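Trainee: Let me give you the structure first, and then I'll get to my questions.
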Amino acid sequence: MEFELNDEQLALQQTARRFAREQIAPVAAHYDQSGEFPRELLKKTWELGLINTCVPAEYGGIGVGILESCLIIEELAWGCSGITTSIMCNDLGLMPIVVAGSEDQKKEWLGSCTDDFKLVSFCLSEPEAGSDVAGLQLLAEKDGDDYVLNGTKCWITNGGEADIYTVFATMDRSSRHKGVCAFVVARDTPGLEPGKKEDKMGQRASDTRVVHFDNVRVPASQRLGEESQGFKIAMQTLDRTRPCIGALAVGIADRALDESVAYAKERKAFGFPIGNFQAVQFMLADMAKDIEASRLLTLQSAWMVDRGLRASKNSAFAKCFATDAAMRATTDAVQVFGGNGYTKDYPVEKLMRDAKLMQIYEGTNQIQRLVIARELLKE
Ligand code: CAA
């Protein structure tokens, strides 16, 4: 077993680290407070090859695996997880095409994102179907060679900013998961209309919206896989992207630890730096050990995905453990900072708000436990 990164991995990690520290971290508070969308910053990640990392080299991508994507994401998230969620969303949106697209579809849609700077959205959740994907209601009706989509998606990252949407719809609501079908839809297709932007507690730099589909006509050439394969395409996508949420969580927790260690050395109480006291030391130690465990689970699940192994259980381990650990680490970071931590003058309250979302999106941590338990019982 080899725990060392190779030269290419170290170079990617360094590029992402430099970008996060020089370009993301200094503007993170601005985007958090204003809720503006950091489009120009995202464009720079495209110029550097830090976005669309799931796109294979033959379609213009940098040709790396999920493991390398995780290394990049961890670094970017140290700078700002809201901005990083917008970056990662391209991989989430493109993954169904990587998993199930035909050669022509890959050339067209993956290629268009590497030729030009484009944003992508993954449209799965609905007002009445968040955790219960098989219960989705957005209807796809066959009309000649086309499909006509009607319904509403919600909690869609990049929803108002994307150029390309991968959309999951049902052809027969009573068939549950067997009725689900996946499509690629361009933003300028008539009837596709982004709705209200959510005013979120954290990760405020990412654009989260409702997206309406009103008689959206999609040619059969934009259907991914067979008509009944949409549910499995969604699950296979999430198996591949959940390690990346683990990496995002490691990045936030690592930032919480760095800020806490620096503060514990500076801030004095009872005549000594607060880092001298075991009450503070134990919180720092818990953060550090949880970060290391989260990182190992994340990289192991990514390694499994890259080897083509089914990683449902391990991806759920990584997503669930790392995001719960990040929630604890950021909450403890606020505690280390005391009253200062509860103000916007210091960076840790943002980390705590940002971390909360990670226990909810890409499958709540309750759903991750369900996935793990089902895999155990199957074994
Ligand atoms: N890979 C391949 N096939 C799979 C699979 C997987 N990982 N998981 C399930 N399947 C197959 C099953 O084998 C079964 O196949 P058969 O029909 O051949 O028997 C079929 O799919 C149905 O599986 P289940 O019976 O397990 O389905 P279920 O309805 O009980 O639901 C669930 C399973 C795990 C709860 C699923 O609905 C789920 O993952 N929910 C969470 C959804 C989620 O993560 N949403 C996040 C949205 S994205 C987001 O948040 C993004 C953002 O913008 C940041």
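The values are calculated or read from the model by the stated rules, or taken from the named source; none is laboratory data. Note that this is a predicted model, so its numbers are computed, not measured. Every residue, glycine as well, gets a Cβ built from its backbone with ideal geometry; the counts of neighbours run over all protein chains shown. Protein only, heavy atoms only, side chains kept; ligands, DNA and RNA dropped before computing areas. Shrake-Rupley method; radii C 1.70, N 1.55, O 1.52, S 1.80 Å.
Trainee: In contact (Cβ under 8 Å) with a residue 60 or more places away in the chain, under 15 Å from residue 222 (Cβ atoms) and surrounded by fewer than 24 Cβ atoms within 10 Å (Cβ to Cβ): which single residue out of 199, 163, 188, 145 fits that description?
Mentor: Exactly one of 199, 163, 188, 145 is in contact (Cβ under 8 Å) with a residue 60 or more places away in the chain, under 15 Å from residue 222 (Cβ atoms) and surrounded by fewer than 24 Cβ atoms within 10 Å (Cβ to Cβ), namely 145.
Trainee: On the given criteria, is residue 371 touching a Gly at 6+ places or on another chain (Cβ under 8 Å) and assigned to a helix (DSSP H, G or I)?
Mentor: Judged against the criteria, residue 371 is a match.
Trainee: Do you know which of the residues in segment 115-125 that are of a type outside the set (S, T, N, Q) and either open to solvent by 10 Å² or more (accessible area, probe 1.4 Å) or more than 13 Å from the ligand (Cβ to nearest atom) (or both) is nearest to residue 59 (Cα to Cα)?
Mentor: 115
Trainee: If you don't mind, there's one more thing I want to ask. Please go through segment 166-185 and pick out each residue that is in contact with a Leu (Cβ under 8 Å, 6 or more places away or on another chain) and surrounded by fewer than 17 Cβ atoms within 10 Å (Cβ to Cβ).
Mentor: 173
Trainee: Given the conditions (1) crowded, with 18+ Cβ neighbours inside 10 Å; (2) within 15 Å of the chain's Cα centre (by Cα), and given that residue 230 satisfies all but one, which numbered condition is not satisfied?
Mentor: Residue 230 satisfies all of (1) crowded, with 18+ Cβ neighbours inside 10 Å; (2) within 15 Å of the chain's Cα centre (by Cα) except (2).
Trainee: Let me ask something else. Can you work out which of the residues in segment 62-101 that are in contact with a Lys or Arg (Cβ under 8 Å, 6 or more places away or on another chain) and among the hydrophobic types (A, V, I, L, M, F, W, C) is surrounded by the most Cβ atoms within 10 Å (Cβ to Cβ)?
Mentor: 77
Trainee: Continuing with the same structure: Hey, any hits in segment 94-113 for a residue that's within 15 Å of the ligand (Cβ to nearest atom), in a loop (DSSP other than H, G, I, E, B) and either under 25 Å from residue 175 (Cα atoms) or of a type outside the set (Ser, Thr, Tyr) (or both)?
Mentor: Checking segment 94-113: not a single residue is within 15 Å of the ligand (Cβ to nearest atom), in a loop (DSSP other than H, G, I, E, B) and either under 25 Å from residue 175 (Cα atoms) or of a type outside the set (Ser, Thr, Tyr) (or both).
Trainee: For segment 361-374, enumerate the residues that are surrounded by 15 or more Cβ atoms within 10 Å (Cβ to Cβ) and either charged (D, E, K, R) or near the ligand (Cβ under 10 Å from one of its atoms) (or both).
Mentor: Residues satisfying the conditions are 361, 362, 363, 364, 367, 368, 371.
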